[in-house]
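Colleague: Here it is, the structure in full.
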Amino acid sequence: MNKKPLILGIESSCDETAASLITENEERTPIILSNVVSSQVDIHKEFGGVVPELAARSHLEKIDWIVKKAINDSKRKIEEIDAIASTAGPGLVVCLSVGLSFGKAFAASLNKPFIAVNHLEGHALSPKLNSNLNYPYLLLLISGGHSQFLNVKGLGQYKRLGTTIDDALGETFDKTAKLLGIEFPGGPQIEILAKKGNPNKYELPKPIFNKGGCNLSFAGLKTAILKIAKKIKNDQERFDLAASFQKTIEEILYKKTKIAFNEFEEQNKPEKKIFVVAGGVAANKNIRSMLKDLCIEKNYQSIFPPVELCGDNAAMIAMVGLEKFKLKQFNDLNHPAKPRWPLDDTAAFLKGAGVRL
Ligand code: KG4
Ligand code: ZN
């Protein structure tokens, strides 16, 4: 029996400190041996958003025991680890530096290869954990910091089909929640409130709905919600606004995903049509079921990683590490933290005033 690679993944790009060990089984399916995630929600709650310096300090305080716990939980010995993979970007530089430095030092002390991982590549490959998913597939990545459609052709081969030109979807959920008086991060609460409301009560804008291909925009929607939220008088109206917001997001994603399907098929002519949804917002049950129905309608296989692998975690970082380890794609110990690190660096920068679609 050949020894299967044992990879340690470390994640600290934003407000989750995480470590994980993964390996492969006899069928070469990636399997998770341990997956430890420590969230800092309580630290940032009172500020209504992530405070970089506090986040970095908390990463520093926790990283040792989180890595130790991941190794203990895996029931493997430190010496058995074949490579260390740390998130190197994109993210908050003060946060990235903690996991990155720790991973480099760990690799140096064990004399094992070090792999610098793009956090977005982690989300992109997260559905490969515990599954036999093959390339290519269409990915919708919807998280707190990113909203993109990507044609995932192979390891390191990503073609961006569409992106948000302003706010990310998770950010839009969180800001809407704040306007509805829900504590940070309120995104997950919206769908709970929405169940009690009338989704047709408020007509909300759908920016760039009829243009811009499968690019997305949420800033105008947020502004509209701000105006309505100011006039809200009772709980029922809050529920109605949450329901109208949830419905509007579903309509936007339904239409834009259909466009992304067409572009994906044109680029790949795939034998099997596969659609993966990852990132924190992929935990939203209504979005999941709407997209599942769309996949049935359009003959796609739909894959949603389990909720614990949708949000930030280190198993997905180790997953990228595993694929790179097998191809001997290692990095030097002077690899920098990269706060901005697009997956498709050929794609145009589509943010801010003056964007033409
Ligand atoms: O992927 P993630 O854990 O972190 C980033 O890389 O950003 O995503 C976090 C985002 C937050 O904005 C959070 O509000 C949102 O995902 N989120 C949700 C739900 N669960 C998490 N948004 C809508 N519905 C949910 N159920
Ligand atoms: Zn993320």
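Just so it is clear, none of the values below were taken in a lab; they were calculated from the coordinates. Nothing here was measured: the structure is a model prediction, and the numbers come from that model. Here the Cβ is made from the backbone with ideal geometry for all residues, glycine too, and neighbour counts use every protein chain on show.
Colleague: Given a cut-off of 17 Å, what percent of all Cα-Cα pairs of the range 256-350 lie beyond it?
Modeller: 68 percent
Colleague: Can you tell me the orientation of helix 315-326 relative to the chain, as the angle in degrees between its alpha-carbon axis and the longest Cα principal axis, to the nearest 10?
Modeller: Long axis of 315-326 versus the principal axis of the chain: about 50 degrees.
Colleague: Another question about this same structure. Ranked highest first by average number of other Cβ atoms within 10 Å, how do 301-311, 165-175 line up?
Modeller: Ranked by mean Cβ neighbours within 10 Å, highest first: 165-175, 301-311.
Colleague: Under the definition of Cα pairs under 8 Å and six or more residues apart, what whole-number percent is the relative contact order of the chain?
Modeller: This gives 24 percent for the chain.
Colleague: Also, I was wondering about something else. Taking Cα atoms, how many degrees apart are the long axis of helix 285-297 and the longest axis of the chain, rounded to 10 and kept between 0 and 90?
Modeller: Value to nearest ten degrees: 90.
Colleague: Using Cα atoms only, what is the angle between the long axis of helix 93-110 and the major principal axis of the chain, expressed in degrees (0 to 90) to the nearest 10?
Modeller: Helix 93-110 sits roughly 20 degrees off the main axis of the chain.
Colleague: Relative to 2.2 N^0.38 Å, what does the C-alpha radius of gyration of the chain come to as a ratio? Two decimals please.
Modeller: Normalised by 2.2 N^0.38 Å, the Cα Rg of the chain equals 0.99.
Colleague: Determine the relative contact order of the range 225-357: mean sequence separation of Cα pairs under 8 Å and six or more apart, normalised by residue count, in whole percent.
Modeller: 18 percent
Colleague: Return P(r) of the range 214-282 (all Cα-Cα pairs; 10 Å bins starting at 0; whole %; ordered from short to long distances).
Modeller: P(r) over the range 214-282, rounded to whole percents: 16, 38, 26, 14, 6, 1.
Colleague: Contact order normalised by length for the range 134-304, with contacts defined as Cα pairs under 8 Å and 6 or more residues apart; what percent is it?
Modeller: 27 percent
Colleague: Oh, and also: State which entries of LYS112/LYS153; LYS255/LYS292; LYS68/LYS153; LYS45/LYS230; LYS3/LYS112 exceed 25 angstrom in Cα-Cα distance in the structure shown.
Modeller: LYS112/LYS153; LYS68/LYS153
Colleague: Could you give the C-alpha radius of gyration of the range 134-304 expressed as a fraction of 2.2 N^0.38 Å, taking N as the number of residues it contains?
Modeller: My calculation over the Cα atoms of the range 134-304 gives 1.04.
Colleague: Right, next: Treat the range 26-184 as a sphere of radius equal to its Kirkwood radius over Cα pairs and apply Stokes-Einstein at 37 °C in a medium of 0.692 mPa s; give the translational diffusion coefficient in µm²/s, rounded to a whole number.
Modeller: Result for D is 183 µm²/s.
Colleague: Rounded to the nearest 20 Debye, what is the dipole magnitude of the chain about its Cα centre when Lys and Arg each give +1 and Asp and Glu each give -1 at the C-beta?
Modeller: Roughly 620 debye for the chain.
Colleague: Test of understanding: what is the full-extension gain from SER131 to ARG57, defined as 0.36 nm times their sequence separation minus their Cα-Cα distance?
Modeller: 23.1 nm
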